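Heads up: the structure comes next, in structure tokens.
The values are calculated or read from the model by the stated rules, or taken from the named source; none is laboratory data. In this text the structure is predicted, and so the values were computed from the model without any measurement. Because the Cβ atoms are built from the backbone with ideal geometry, glycine has one as well, and the counts that use them run over all protein chains shown.
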Amino acid sequence: MLALAKPDLRRTMRTTELVSITFVITGCAFKIMHWPGAAWLLILGGWSLALYYFPFGFRTLPAPRQTDQQPWLTWTAGLALFTVVNGLVFFMQRWPFSGPLMLGGAIACLVVVTVAAVVRYRHPRLDMYCDGLLLRCLILGLLAFFLWSNFMGKPR
């Protein structure tokens, strides 16, 4: 009798993140081409990505041991990325409050990047974990700040 293998949570969560990102990228392409279904792809992908990041996404980042991850940093980064991804979804859909969400998320990502860099410097064993936080917060925070600074208050 074949025993079912226990699914690897880390691999499942990474797949969830990649599928959500694929939905967002496809939705952006659909929106650029003015094809139907763009809004649903953006909303589904963006909100599933936001829910992935808060609060559980970073529990799947690589670390030598699961105890090497910092729960307070995980929750803070998750909240920052949840805010910034929601701001980006609101911006792409031209919904109200996209500006404050993007700016607040970008500032929160800046705080997380600073704190994660200090933690990484002081605790070298956390380098893989902090690198994942730094990369995600830096890219999404800079994207939100760029869009906020260039497009907020201007007609679209």
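So, in the range 13-38, how many residues would count as being of a type in the set (Val, Ile, Thr), out of contact with any Gly (no Cβ under 9 Å at 6 or more places or on another chain) and more than 16 Å from PHE91 (Cα to Cα)? Spell out how you get there, then give the answer.
Residues of the range 13-38 of a type in the set (Val, Ile, Thr): 15-16, 19, 21-22, 24-26, 32.
After this cut, where a residue has to be out of contact with any Gly (no Cβ under 9 Å at 6 or more places or on another chain) as well, the list is 15, 32.
After this cut, where a residue has to be more than 16 Å from PHE91 (Cα to Cα) as well, the list is 15.
Going through the range 13-38 one residue at a time, the tally reaches 1.
Counting only residues that are touching an Asp or Glu at 6+ places or on another chain (Cβ under 7 Å) and surrounded by 19 or more Cβ atoms within 10 Å (Cβ to Cβ), how many does the range 96-144 have?
Here is the first cut: in the range 96-144, the residues touching an Asp or Glu at 6+ places or on another chain (Cβ under 7 Å) are 120, 125-126, 129.
Next cut, surrounded by 19 or more Cβ atoms within 10 Å (Cβ to Cβ) only: 126, 129.
The qualifying residues number 2.
PHE146 is checked against (1) assigned to a helix (DSSP H, G or I); (2) over 21 Å from ALA29 (Cα atoms); (3) not charged (D, E, K, R) and fails just one. What number does that condition carry?
Among (1) assigned to a helix (DSSP H, G or I); (2) over 21 Å from ALA29 (Cα atoms); (3) not charged (D, E, K, R), the lone unmet condition for PHE146 is (2).
Whether any residue in the range 41-55 is more than 17 Å from VAL85 (Cβ to Cβ) and modelled with pLDDT under 90 is what I want to check. Please lay out each step first, then the result.
Initially, the range 41-55 is screened for residues more than 17 Å from VAL85 (Cβ to Cβ), giving none.
Checking the range 41-55: not a single residue is more than 17 Å from VAL85 (Cβ to Cβ) and modelled with pLDDT under 90.
Contact list please: Cβ distance under 8 Å, first residue in the range 131-144 and of a type in the set (Gly, Ala, Ser), second residue surrounded by fewer than 22 Cβ atoms within 10 Å (Cβ to Cβ) and assigned to a helix (DSSP H, G or I), pairs at least six apart or on different chains.
GLY141/ALA108; GLY141/LEU110; GLY141/VAL113; ALA144/LEU103
With the requirement that a residue be of a type in the set (Phe, Trp, Tyr) and buried (at least 16 other Cβ atoms within 10 Å of the Cβ), what does the range 12-43 give you?
Those that are of a type in the set (Phe, Trp, Tyr) and buried (at least 16 other Cβ atoms within 10 Å of the Cβ): PHE23, PHE30.
Determine whether the range 131-145 contains at least one residue that is of a type in the set (Phe, Trp, Tyr), in contact with a helix residue (DSSP H, G or I) (Cβ under 9 Å, 6 or more places away or on another chain) and either under 30 Å from GLY37 (Cα atoms) or modelled with pLDDT of 90 or more (or both). Show your work before the answer.
Step one: list which residues in the range 131-145 are of a type in the set (Phe, Trp, Tyr), which gives 145.
Retained after the next criterion (residues that are in contact with a helix residue (DSSP H, G or I) (Cβ under 9 Å, 6 or more places away or on another chain)): 145.
Imposing the further condition that a residue be either under 30 Å from GLY37 (Cα atoms) or modelled with pLDDT of 90 or more (or both) reduces the set to 145.
Yes, there is a match, as at least one residue in the range 131-145 is of a type in the set (Phe, Trp, Tyr), in contact with a helix residue (DSSP H, G or I) (Cβ under 9 Å, 6 or more places away or on another chain) and either under 30 Å from GLY37 (Cα atoms) or modelled with pLDDT of 90 or more (or both).
Could you identify the single residue in THR26, THR16 that is β-branched (Val, Ile, Thr) and modelled with pLDDT of 90 or more?
Working: THR16 fails: modelled with pLDDT of 90 or more.
One residue alone meets the criteria, THR26.
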